[in-house]
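Visitor: One structure coming up, written as structure tokens, with questions to follow.
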Amino acid sequence: MASTPPFPEETSTRVLRQFELLYARPPALLAIAPGRVNVIGEHVDYNGGWVLPAAIDRCLVLAVAPRTDGRVRLATADFEGVIEFDGKDLAPGRAKDWSRYVRGVMAGLTRAGHAVPGFDACIASTIPVGGGLSSSAALEAATGLACLALVGADMDRFALAKLCQQAEHDYANVPCGIMDQAAVLCCEPGHLLLLDCEAETFVHTPLAGDAWSLLIINSGVSHELASGEYAQRRAACEQAARRLRVPSLRHIGAGDLAAALALPGLTEEMRRCVRHVVTENDRTHHCVAALKAGDFPAAGRHLNASHASLRDDYRVSCAELDLIAEVAQRESAVAGCRMTGGGFGGSCIALVRRESAADVIQNVGDAFHARYGRRPAAFVTPAAAGARLFRL
Ligand code: GLA
């Protein structure tokens, strides 16, 4: 890693204090995992496409100390109560609460041959839950790093991301792609992660240009990926790929789109999905080129087009996100704005001129307040560091 990323002092202090209060001993290690925001390349990861996320400077801190009796105790610095279970009792479906992510990762590590011991743990997080910023991937990643440290093992970051993705599939019933877990585990400060989800390779792309920053505006509508819509879109894409006789929709280039759409045998639903995925992959490549050239206005136009495609073709936006995107896109200090993440709520991302971010937050907030009677939470973030582990 290029430089030592900042230690989230306030959140860590809260966790350490609560840990000692609950368990009457200090933790042995801290795992810190950020949330992520996706700049572009939405709903393409499970189609083998290209995504461009960054870690954000909101994170989850997990403090852990091993136990010798095989029990696992989990707590948070923000809510009362301790969840306790037997570290060998890890079958999916045992828990509906947040311990399922921990259990899922422990089960994956156990399958990979690591004898994870029992432990006491406490978390605190500044990642808004339901904000579409991957709070669950952060918990999975932090759990993975902490458990590996407890057994004195190491694992390739991308392999750990895949293990965490499997936990999300099996323990939260969300058939997600690899983007969130890879972003949380593999991002580097100051860089976007250009990830090829089929080749499973990535490049750290510098987010140049001090004049521009990433602005996140949270609609406050809690998204529920498990609601079935996400799985339905994914299934429609996979069915379309089968009918088009390609391994995944990634293999249809922008130049082949018209011919693909003209083929009989695709339903209207499949056509919309194909159009979104193919054009989104194309936009991501163009956006990366524009960002590399320092042309933020051009990059922003691809963000705007991405939002329209997600709203109209893929139908994963909602009225609140549409309003935020529409108002932000009209701001002269905004290069582009779109919904980010799975959708159906969650957040928008805008590329915004740094010195005008506060004005944009104010103006979008005013318009949102006029319609919904509340102001959306918004914050500027650098491209932050990926997950990391501290031994105490
Ligand atoms: C969620 C999933 C990701 C990805 C996005 C949409 O965040 O977890 O795998 O599919 O939605 O791009």
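Visitor: What angle do you read, to the nearest 10 degrees and between 0 and 90, between the alpha-carbon axis of helix 296-312 and the longest principal axis of the chain?
Guide: For 296-312 against the chain, the angle is about 90 degrees.
Visitor: On to the next question. Tell me the angle of helix 157-172 to the major Cα principal axis of the chain, expressed in degrees between 0 and 90 and rounded to the nearest ten.
Guide: The helix 157-172 is inclined about 90 degrees to the chain.
Visitor: On to the next question. 7 Å from Cα along Cα→Cβ at both V151 and A254: what's the point-to-point distance in nm?
Guide: Taking the two extended label points, one gets 4.5 nm.
Visitor: Right, here's the next one. Gap in Å between the Cα centre of region 312-389 and the Cα centre of region 69-91?
Guide: Here the answer is 36 Å between Cα centres.
Visitor: Taking H as built 1.01 Å from N, whose amide H comes closer than 5 Å to the amide H of R36, not counting residues under 5 places away?
Guide: I56, S134
Visitor: Please arrange R233, R243 by how many other C-beta atoms lie within 10 Å of their C-beta, fewest to most.
Guide: With the sparsest Cβ surroundings first, the list reads R243, R233.
Visitor: Right, here's the next one. Report the gain in length on full extension from R391 to A262: 0.36 nm times residue separation, minus Cα-Cα distance, nm rounded to one decimal.
Guide: Stretched fully, the R391-A262 segment lengthens by 40.6 nm.
Visitor: Two decimals, Cα atoms only, Kirkwood Rh: what is Rg/Rh over the chain?
Guide: Rg/Rh for the chain comes to 0.98.
Visitor: Another one. May I ask you to derive the relative contact order of the chain, considering only C-alpha pairs under 8 Å and at least 6 residues apart, and to give it as an integer percent?
Guide: Averaging sequence separation for qualifying contacts and normalising by length gives 23 percent for the chain.
Visitor: Could you state the number of Å between the C-alpha centres of region 111-136 and region 261-278?
Guide: 38 Å
Visitor: Using 0.36 nm times the number of residues separating E326 and R67, minus their current alpha carbon distance, what extension gain do you get?
Guide: 88.0 nm
Visitor: What is the gain in length, in nm to one decimal, between A308 and I83 on full extension, counting 0.36 nm per residue of separation less the C-alpha to C-alpha distance?
Guide: Numbers: separation 225, 0.36 × 225 = 81.00 nm, distance 4.27 nm.
Full extension of this stretch gives 76.7 nm more.
Visitor: Mind running the shape call on region 92-239? Use the C-alpha gyration tensor, a ≥ b ≥ c as the square roots of the eigenvalues: rounded below 1.5 for a/c, prolate if a/b tops b/c, oblate otherwise.
Guide: In terms of gyration-tensor shape, rounded.
Visitor: Oh, and also: Taking the Cα centre of each part, how many Å lie between region 21-39 and region 187-230?
Guide: So the two Cα centres are separated by 21 Å.
Visitor: Just need the relative contact order of region 1-105 here, percent rounded to a whole number, with Cα pairs under 8 Å and 6+ apart.
Guide: RCO, region 1-105: 22 percent.
Visitor: Would you compute, from DSSP H runs of 4+ residues alone, the mean residue ellipticity of the chain at 222 nm, taking -39500 (n - 2.57) per run and dividing by the full residue count, rounded to the nearest 500?
Guide: On the way: 11 runs with 159 residues, N = 392.
Only helices count here, giving -13000 deg cm²/dmol.
Visitor: Looking at the square roots a ≥ b ≥ c of the eigenvalues of the Cα gyration tensor of region 152-309, which shape do they give, rounded for a/c under 1.5, prolate if a/b is larger than b/c, or oblate?
Guide: oblate
Visitor: Could you grab the relative contact order for region 269-347? Cα pairs under 8 Å, six or more apart, rounded to a whole percent.
Guide: Answer for region 269-347 is 29 percent.
Read-outs throughout are calculated quantities, based only on the coordinates presented, and are distinct from any laboratory measurement. In this text the structure is predicted, and so the values were computed from the model without any measurement. Every residue, glycine among them, receives a Cβ derived from its backbone with ideal geometry; neighbour counts consider all protein chains shown.
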